[in-house]
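Peer 1: Take this structure first; my questions come after.
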Amino acid sequence: MERTLVILKPDTVQRGLVGVITSRLEQRGIKLVGLKLLQISAELAARHYAVHKGKSFYEGLIHYITSSPVVVQCWEGKRVIEVVRRTCGSTNPTDADLGTIRADFGVEIGRNLIHASDGADTAAYEIPLYFTEAELVAWDRAVDCWINE
Ligand code: IDP
Ligand code: MG
């Protein structure tokens, strides 16, 4: 089953939106298999955002993501990478469709609340940055047959 990494960024934690944003993801019917609160170090941020090194927003992005604790989550489900990306909405909250997390809770690209892996390769790279295999829990969910045919 496909897995994806989500980070509820420092603005989400500071604004007390961890519960409501996590609920949006739970309500899609995807399954939570990993969860922790942590402070991202400069080293971890650099590994996570290596693809953006050299871009104009890179320094600000590293400052933002390391500025305060984050909640990291691993979600599992059919096509979960796409499901979560579409639930988050476009990178810039001003461009994101209403009903997406970024549009409904944000107004600025530099404070867009949530990170989600953007593809299978990215998820495979990002999940082990935050979770050991032992920290990811395989569990049976009683309602699965009412969510997945
Ligand atoms: P994504 O988070 O939707 O995948 P990316 O293009 O991978 O978007 O950018 C990573 C993160 O960098 C964004 O979520 C956002 O926090 C930040 N970012 C991207 N572009 C800008 C920008 O132009 N100004 C400020 N921050 C930006
Ligand atoms: Mg990205």
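Peer 1: Does any residue of region 25-41 turn out to be more than 21 Å from D121 (Cβ to Cβ), free of Cβ contacts under 8 Å to residues at least 24 places away in the same chain and part of a loop (DSSP other than H, G, I, E, B)?
Peer 2: No: zero hits.
Peer 1: While we're looking at this one, here's another question. Out of all the residues in region 110-124, which are touching a helix residue (DSSP H, G or I) at 6+ places or on another chain (Cβ under 9 Å) and either within 12 Å of ligand 2 (Cβ to nearest atom) or not basic (K, R) (or both)? Explain how you work it out, then say what you get.
Peer 2: Taking region 110-124 as the starting set, the residues that turn out to be touching a helix residue (DSSP H, G or I) at 6+ places or on another chain (Cβ under 9 Å) are 110-120, 122-123.
Passing the criteria: G110, N112, L113, I114, H115, A116, S117, D118, G119, A120, T122, A123.
Peer 1: Can I ask one more? Quick check on region 1-24: of everything there that is in a helix (DSSP H, G or I) and among the charged types (D, E, K, R), which residue is farthest from T66 (Cα to Cα)?
Peer 2: Within region 1-24, the subset in a helix (DSSP H, G or I) is 10-14, 18-24.
If we keep only those that are among the charged types (D, E, K, R) as well, we get 11, 24.
Working: D11: 11, R24: 24 Å.
The extreme case among them is R24.
Peer 1: State all residues of region 112-137 that are more than 14 Å from ligand 1 (Cβ to nearest atom) and within 19 Å of the chain's Cα centre (by Cα); if no residue qualifies, say none.
Peer 2: From region 112-137, those more than 14 Å from ligand 1 (Cβ to nearest atom) are 120, 124, 127-137; that's our starting set.
Within region 112-137, A120, A124, I127, P128, L129, Y130, F131, T132, E133, E135, L136, V137 meet the criteria.
Peer 1: Name every residue in region 96-109 that is within 15 Å of ligand 2 (Cβ to nearest atom) and out of contact with any helix residue (DSSP H, G or I) (no Cβ under 8 Å at 6 or more places or on another chain), in order of residue number.
Peer 2: I109
Table: residues versus (1) more than 12 Å from ligand 1 (Cβ to nearest atom); (2) under 19 Å from V13 (Cα atoms); (3) hydroxyl-bearing (S, T, Y).
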position	(1), (2), (3)
A50	no, no, no
T66	yes, yes, yes
C74	yes, yes, no
G77	yes, no, no
T94	no, no, yes
G106	no, yes, no
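Peer 1: Would you mind stating whether I62 is touching a Gly at 6+ places or on another chain (Cβ under 7 Å), surrounded by 15 or more Cβ atoms within 10 Å (Cβ to Cβ) and not charged (D, E, K, R)? Full working, then the answer.
Peer 2: Details: touching a Gly at 6+ places or on another chain (Cβ under 7 Å): no; surrounded by 15 or more Cβ atoms within 10 Å (Cβ to Cβ): yes; not charged (D, E, K, R): yes.
In short, no.
Peer 1: Those residues that are over 19 Å from L44 (Cβ atoms), in contact (Cβ under 8 Å) with a residue 12 or more places away in the chain and of a type outside the set (K, R), I need them from region 114-143; list them, please.
Peer 2: Within region 114-143, G119, A120, V137, A138, W139 meet the criteria.
We did not get these values from a lab; they are worked out from the coordinates using the rules stated. Note that the structure is a prediction, hence the values are computed from the model and not measured. Methodologically, a virtual Cβ is constructed for each residue, glycine included, from the backbone with ideal geometry; neighbour enumeration extends over all protein chains shown.
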